[in-house]
Amino acid sequence: MAFDVPRRQIHLDFHTSEHVPDIGGRFDPRAFTRTLKDAHVDSVVLFGKCHHGWSYYDTEVGARHPNLSFDLLKAQVDACAAEGIRTTTYLSVGWDERLARRNPGWRRILPDGTFHMMLGRNLDPFWSYLCLASAYRENVLDQIREMARRFPSSEGIWLDIIRRHECCCHVCRDAMDDAGLDWRDPAHRQIQAKAVFDAWVADSTAAVREVRPEWSVFHNTSLVPRGDRKLYDAFSHIEIEAVPTGGWGYDHFPLSARYVDPMARDFMGVTVRFHFVWGELGAIKHPNALEAELATMQAHGARVCVGDQLDPSGVLDEDVYRMVGASYARVKEREGPLAGTRPVADVGLLSSIAVRDPGAVSRDARHIAEDEGAVRMLQQAGFLFDVVDLHSDFAAYKAVVLPDKIRLSSALAARLAAYCAGGGRVVMSAESGLDLAGTAFALDPGAAFVGPSPLNHSYVAPVEGFSPDFARGPLLAWCRSWRAEPRDGRVLARLHEPYFERSSRRFNGHIATPPRPEPSPFVGAIEKGGVYWLAHPIFTHYREMGHVALRDYVAAIIDDALGARTVRTSAPRGATVTLRRGAAHDLLQIVYAPRELRGSTPLGPIEVIEDLPRLTDIAVDIAASRPIKEVLFGPERLALPFTLQDGRVQFRVPAVQGAAFIVLAA
Ligand SMILES: [Zn+2]
């Protein structure tokens, strides 16, 4: 039976050093569960072993925290079970400071011979990675089995810091020798890394299942790997860890959720209550930020989880749970109409990394510029879209977008050609659509491929109907385009080249050479038979530069491909608009929570959500999938007047502050 993913979880971190005294000294089981229940929490992740390597229960495999005098995990699990709060046990796999110091031979070694650390080098105060090919592996498997045996009233295990990273320790080098791999070759080291990762995920799941077949198992890779769906056979469910201020950014959750949601399995979004990153006791985000993050999760069909860190004394922070409780009350109100709904999408965004490196789980894979740029553009332009991979059914979408870097195998080219022949539309940019060698179009957009432009910037001049409504162009694209000459395609944009390449030998102005008045012989964008191609790596460029005029140009091309959108609204560009379909109702969600850049850290920018501006009178126009009887607004289910014309439902949402939730009842 599928694991019933909790609806309102707390992930209660407890990474606690041996230098902190009196662990759990003020833990009161009744106060602990009362605080959770009052905040509408239905499940909590509790610590078996932390990154410091200390266990919080009576273990024979690991070592109980030296300053903990009782079995804290058992006390927590039993107290929660008595109050009907579900529990999952946590075990840090990839980091274990205690064992890393005692067993340097178990540590992951980088190619330069140094230890692999979270940040910095050996003596810096950061976590050390252990190698899961070393003897450490058996130690962790034994502890997993022990936890499964000891906590029958818990319902799963959460395995943390699962990464696929090259290692040059003696075990990995011997394994590469045995497999005929050359450990001096980075590509061969990646093969070994993948073998270790795959074996670990499969074997640790098996270790849980041999003791408790019913337990949930989640492997935290800190991102949702795209393109290798077989990997998820070892997962009972998917959680999307996305701490917007802690290196994930606000793009990570929607991108990942739009990939997971169409797989038709329940999943959970995980944010934190902290201002910056995990473990920040004494730092708390504004309640409006939590409110917006949780509403965004639900708009994407996710169940919700908030990360917290238990104070070493074992006491929960009342301020935190007052804030969580207020937001969880509203989450709860929305759960009924969300149940059983599936996302509706016009556009399938084919993930570039899913095609180029299926299953990639490195930290770099968290931010794929062309994928993130495309998500930003599609979301800001108000399209309904999913993120898809090669396992997806393209026929479910009116158009498929291939951002910037997806060269086509002959099999993928044939598949896309058949999709177009069946009425689908393919929108490709830059290298997308080329053959694997990058020498010709594998899917013909009605142009002859020439090659990469020698010029590091150029200008797009959209033809009538494809310009933003405030500028006709030529519009500066400050990136290197690809060159193709029009043949029998419909030209949608011309390409103007600068007078000369900007270089140290000659340059003009601050950043770019002006455009020549006449178009070049090359196209900016072209279409033939439903195959669209844009000359610039426009999605990567948008991720870097945010040039909104170019976004509107791309949106006009995608609109041309779609014909008609399923949903149009007058919501602002920064709003998230989603539509979900259930057996007897559709569900429209609008979330508007502008974020402001307020700081910067080595992990990335600190974007803060604080104010939730009130929007009023939002026009909505939806292609009705069936006769609609009522349009109901908000938790009070206020009936809104609506009109039905040519199969489209039109109404106005009176107000949106943070999130609006509209049920279209059939
Ligand atoms: Zn190794």
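Is the C-alpha gyration tensor of the stretch 480-551 telling us rounded, prolate or oblate? Criteria: a/c under 1.5 is rounded; beyond that, a/b larger than b/c is prolate, otherwise oblate. Here the stretch 480-551 falls in the oblate category. Extension gain, residue 19-residue 203: 0.36 nm per intervening residue step, less the Cα-Cα distance, totals 62.8 nm.
Peptides 267-275, 624-632 ranked from most to least packed, by the mean per-residue count of other Cβ atoms within 10 Å: 267-275, 624-632. With θ taken as phi - 60° and the Karplus curve 6.51 cos²θ - 1.76 cosθ + 1.60 applied, the whole-hertz 3J(HN,Hα) list for the stretch 139-152 is 4, 5, 4, 4, 6, 4, 4, 4, 5, 4, 6, 6, 10, x Hz, x standing for glycine and proline. Straight-line reach from residue 332: taking Cα to Cα under 17 Å and skipping same-chain neighbours fewer than 8 places apart, the lysines in range are 37. Note on the chain: with neighbouring protein chains present and a 1.4 Å probe, carbon and sulfur make up 52 percent of its accessible heavy-atom surface.
Protection proxy ranking, highest mean first, for peptides 64-76, 431-443: 64-76, 431-443, where packing is the per-residue count of other beta-carbon atoms within 10 Å, averaged. Taking the charge dipole of the stretch 582-665 about its Cα centre, with +1 at Lys and Arg Cβ atoms and -1 at Asp and Glu Cβ atoms, the residue from 619, 609, 662 reaching farthest to the positive side is 662. Shown in residue order for the stretch 459-472 are the 3J(HN,Hα) couplings computed by the Karplus curve 6.51 cos²θ - 1.76 cosθ + 1.60 at θ = phi - 60°: 9, 9, 10, x, 6, 4, x, 10, 8, x, 6, 10, 7, 9 Hz (x for Gly and Pro). Only Cα pairs under 8 Å and 6+ residues apart enter the sum, and on that basis the relative contact order of the stretch 8-337 stands at 20 percent. Only the Cβ atoms of Lys and Arg (+1) and of Asp and Glu (-1) were treated as charged; on that basis the dipole of the stretch 8-337 about its Cα centre amounts to roughly 240 debye. Here the relative contact order of the stretch 14-62, from alpha carbon pairs under 8 Å that lie six or more residues apart, stands at 43 percent. Per-residue ellipticity at 222 nm, computed for the chain from helices alone with -39500 (n - 2.57) per DSSP H run of at least four residues, works out to -8000 deg cm²/dmol. In the chain, taking the dipole from charged Cβ atoms about the Cα centre, the farthest positive-side position among 454, 286, 47 is held by 454.
The amide H of residue 269, built 1.01 Å from its N in the peptide plane, has 240, 303, 304, 305 as neighbours under 5 Å, considering only residues 5 or more places off or on other chains. Taking amide hydrogens as placed 1.01 Å from N in the peptide plane, the amide H of residue 313 sits under 5 Å from those of 24, each at least 5 positions away in sequence or on another chain.
Using only Cα coordinates, the Kirkwood hydrodynamic radius of the stretch 8-337 works out to 20.5 Å.
Based on C-alpha pairs under 8 angstrom that are at least 6 apart in sequence, the chain has a relative contact order of 11 percent. With a 1.4 Å probe rolled over the protein heavy atoms of all chains, the accessible area of 54, 533 falls in the order 54, 533, largest first. Scoring 543-553, 594-604 by mean Cβ neighbours within 10 Å over their residues and listing the highest first yields 543-553, 594-604.
In order along the stretch 19-36, phi translates into HN-Hα couplings of 8, 9, x, 6, 5, x, x, 10, 5, 10, x, 5, 5, 4, 6, 5, 4, 5 Hz, rounded to whole numbers, per the Karplus curve 6.51 cos²θ - 1.76 cosθ + 1.60 with θ = phi - 60° and x for Gly and Pro. Rounded to the nearest 20, the Cβ-based charge dipole of the chain about its Cα centre (Lys and Arg +1, Asp and Glu -1) stands at 920 debye.
Taken over the stretch 435-509, the convex hull of the Cα atoms encloses 116 Å³ per residue.
Using Cβ point charges alone (K and R +1, D and E -1), the dipole size of the stretch 475-587 about the Cα centre works out to roughly 220 debye.
Residue-normalised convex hull volume from the C-alpha trace of the stretch 347-564: 129 Å³ per residue.
Pairs of C-alpha atoms in the stretch 587-654 farther apart than 16 Å represent 61 percent of all such pairs. Taking amide hydrogens as modeled 1.01 Å from N in the peptide plane, which residues meet the under 5 Å criterion relative to residue 483, leaving out close sequence neighbours? Excluding prolines and chain starts, which carry no amide H, the hits are 450, 451, 453.
For a bin width of 10 Å, list the pair-distance distribution of the stretch 535-653 built from all Cα-Cα distances, rounded to whole %. For the stretch 535-653, the binned pair fractions read 10, 32, 31, 21, 6, 0 percent.
Set the Cα radius of gyration of the chain against 2.2 N^0.38 Å, with N its number of residues, and you get 1.02.
Solvent exposure of the chain, expressed per residue, is 39 Å² of accessible area, with all protein chains present and a 1.4 angstrom probe.
The values are calculated or read from the model by the stated rules, or taken from the named source; none is laboratory data. What you see is a predicted model; the values in this text were computed from it and never measured. No Cβ is skipped: glycine too gets one built from the backbone with ideal geometry, and neighbour counts run over all protein chains shown. Protein only, heavy atoms only, side chains kept; ligands, DNA and RNA dropped before computing areas. Shrake-Rupley method; radii C 1.70, N 1.55, O 1.52, S 1.80 Å.
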